[in-house]
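Accompanying notes for the structure given below.
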Amino acid sequence: MTDKNIANKVLEAALETGGDFSELFMEDTENNNIRMIDGKVETASYSRMKGAGIRVLKGTRCSYAYTADTSEAALIETARAAAAAINDVPENKTTSFCVKDYKAAPKTPFSTIDNATRIELLKRGTSAAKSYSNEITQVSAIYIDVDQRIMVCNSNGVWAEDRRPRTRVMFNAVASMGDEAQTGSENPGLGMGFEAYKIIDVEAYARQAAKTAVTMLHAQQCPAGIMPVVIDGGFGGVILHEACVHSLEATSVARGNSEFCGKLGQKIASDIVTAVDDGTLPGEWGTINVDDEGTPSQRNVLVENGILKSYLFDILGARRMSHPLTGSSRRQSYSFAPTSRMTNTFFAPGIHDDEEMISSMGDGLFAARMGGGSVNPLTGEFNFAVLEGYWVKNGQIYCPVRGATLIGKGADVLMKIDRIGKNMWMGQGMCGSASGSIPTNVGQPRIRVSEITVGGNGGAL
């Protein structure tokens, strides 16, 4: 994307006003996007984005500037704009780079695939969802592929290059009966080229979206109250992502804005809980070879047998807390300064039987599919939507219920997990935070929370 001589000039210009660290991030990203409704293409687009961001640090002070012009003159001008916020006596510094190249090409690059092939994927899924039931009245489908190439270098001698292909299909099915309508969605994705669709069964995912919609169309309103809840695996791991790990990012912790500040080495969860963020898993949606500061990705055990073992750190957060880097710095694009973020985050498998979790719970809720949620990292208070739920009565699934939400505080829920199943799988999402929207996996085996507040609109069942 640029050569070492130009990079050195840019990094030196960024330090002209006395910064002690400078960084150049460059990217070249191609994106294909197709949207379809009921088998007809609504939009099909291709875009390419190129640009650079330059950051300057002085202690824990930070400035950032970016440009879509990657010529030498524009990069140096942008570096000086970033440097303008730092006004100290500069030190002369010459950088010698240690180059690490992770740019392995995907097996089937997206550039070798035509739009007819992409559209055929969506049509197959749409047909599968439509054929599930005559109550399915609309199916919308989206195909996305992204091929991001990045280079990051800094005044400490880091030079890293990475290539990050990823692709995803999203199916949303609407089931209707009279004036009533309910939706179901499935959104699988992988961090690889078009070979991903040898693994992703688009028909199966689309049928599942239709099943959820039809099931919820005939569901009763969920009762409200404090009760045991079983949360199924896969995207159920959003509860870990939102209720716990956002509060373990240095973005929050280093500023004292987390309920888990100062608790390293302390018990914060049930003894059976081990939680991991692992950016090294081959081909996963949230996987990165190297983070957006050039630090190699790694497996970070955050909680082990209930004990808090680590936070997630970027360079600025590590400076604020004198902590080693964890390969957790991420950004949406060159127009965002990086900060500590998740990659593939999950509860590690346990030893419990999935069916026993339900049979021994008495009355409560089985959350088969979770929706999105939100959290306040300072307090840990969260809420999540349950997209597909079932009422459990006397240890037996009694009927489907809708309108359920899970409400609570992260620290409380972690302590009340009393079952974790043996089989872990993941779901895909986009996570928004200070450095933009990034692809992240959430995952878990089936788990049980002994009691949690469930919001709902129904009476006793």
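The values are calculated or read from the model by the stated rules, or taken from the named source; none is laboratory data. Everything numeric here is computed off the predicted structure, so don't read it as measured data. Note that we place each Cβ from the backbone using ideal geometry, even for glycine, and neighbour counts take in every protein chain shown.
Here are some notes:
- Residue within segment 81-94 that is in the same structural domain as G18 (by TED's automatic domain parsing) and under 20 Å from I37 (Cα atoms) present: no
Residue-by-condition table, conditions (1) within 22 Å of E381 (Cβ to Cβ); (2) modelled with pLDDT of 95 or more:
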residue: A209; (1), (2): no, yes
residue: L217; (1), (2): no, yes
residue: Q221; (1), (2): no, yes
residue: I226; (1), (2): yes, yes
residue: I231; (1), (2): yes, yes
residue: V238; (1), (2): yes, no
residue: C244; (1), (2): yes, no
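- For I452: the one exception among (1) over 30 Å from T287 (Cα atoms); (2) surrounded by fewer than 21 Cβ atoms within 10 Å (Cβ to Cβ): (2)
- Looking across segment 336-371, the residues that are touching a residue at least 60 places away in the same chain (Cβ under 8 Å), small (G, A, S) and more than 19 Å from M424 (Cα to Cα) come down to A337, S340, G362, G364.
- Out of A367, A348, sole residue that is farther than 30 Å from I54 by Cα, crowded, with 24+ Cβ neighbours inside 10 Å and not charged (D, E, K, R): A367
- Yes/no for E304 being under 30 Å from I226 (Cβ atoms), free of Cβ contacts under 8 Å to residues at least 60 places away in the same chain and surrounded by fewer than 24 Cβ atoms within 10 Å (Cβ to Cβ): yes
- Residue tally, condition surrounded by 21 or more Cβ atoms within 10 Å (Cβ to Cβ) and touching a Cys at 6+ places or on another chain (Cβ under 8 Å), over segment 148-193: 1
- For segment 177-218, the tally of residues that are farther than 18 Å from T287 by Cα and assigned to a helix (DSSP H, G or I) stands at 17.
- In the set K130, K100, only one residue is assigned by TED's automatic domain parsing to the domain that holds E27 and at pLDDT below 95; that residue is K100.
- Within this structure, L378 passes the test of being exposed (fewer than 15 other Cβ atoms within 10 Å of the Cβ) and assigned by TED's automatic domain parsing to the domain that holds E242.
- Cβ separations smaller than 9 Å between residues 6+ apart or across chains give the following pairs from segment 417-441 residues that are acidic (D, E) to residues that are surrounded by 16 or more Cβ atoms within 10 Å (Cβ to Cβ) and part of a strand (DSSP E or B): D418/P228; D418/H352; D418/I447; D418/R448; D418/V449; D418/S450.
- Pick from segment 322-337, criterion of a type in the set (G, A, S) and part of a loop (DSSP other than H, G, I, E, B), ranking: surrounded by the fewest Cβ atoms within 10 Å (Cβ to Cβ): S322
- Test: residue in segment 73-94 that is surrounded by 14 or more Cβ atoms within 10 Å (Cβ to Cβ) and within 27 Å of the chain's Cα centre (by Cα): no
- Note on segment 338-395: among residues that are in a strand (DSSP E or B), among the polar types (S, T, N, Q) and within 15 Å of the chain's Cα centre (by Cα), the one that is farthest from G233 (Cα to Cα) is T339.
- Residues (farther than 15 Å from A129 by Cα and of a type in the set (A, V, I, L, M, F, W, C)) located in segment 172-215: M177, A181, L190, M192, F194, A196, I199, I200
- Among the numbered conditions (1) of a type outside the set (K, R); (2) assigned to a helix (DSSP H, G or I); (3) surrounded by fewer than 18 Cβ atoms within 10 Å (Cβ to Cβ), the only one that V10 does not meet is (3).
- In segment 413-431, residue nearest to R446 (Cα to Cα) [restricted to those that are at pLDDT 95 or above and among the β-branched types (V, I, T)]: I420
- Enumeration of residues in segment 194-214 that are touching a Lys or Arg at 6+ places or on another chain (Cβ under 7 Å) and surrounded by fewer than 21 Cβ atoms within 10 Å (Cβ to Cβ): E195, E203
- Segment 254-294 - residue that is in a loop (DSSP other than H, G, I, E, B) and of a type in the set (K, R) and, of those, modelled with the lowest pLDDT: R255
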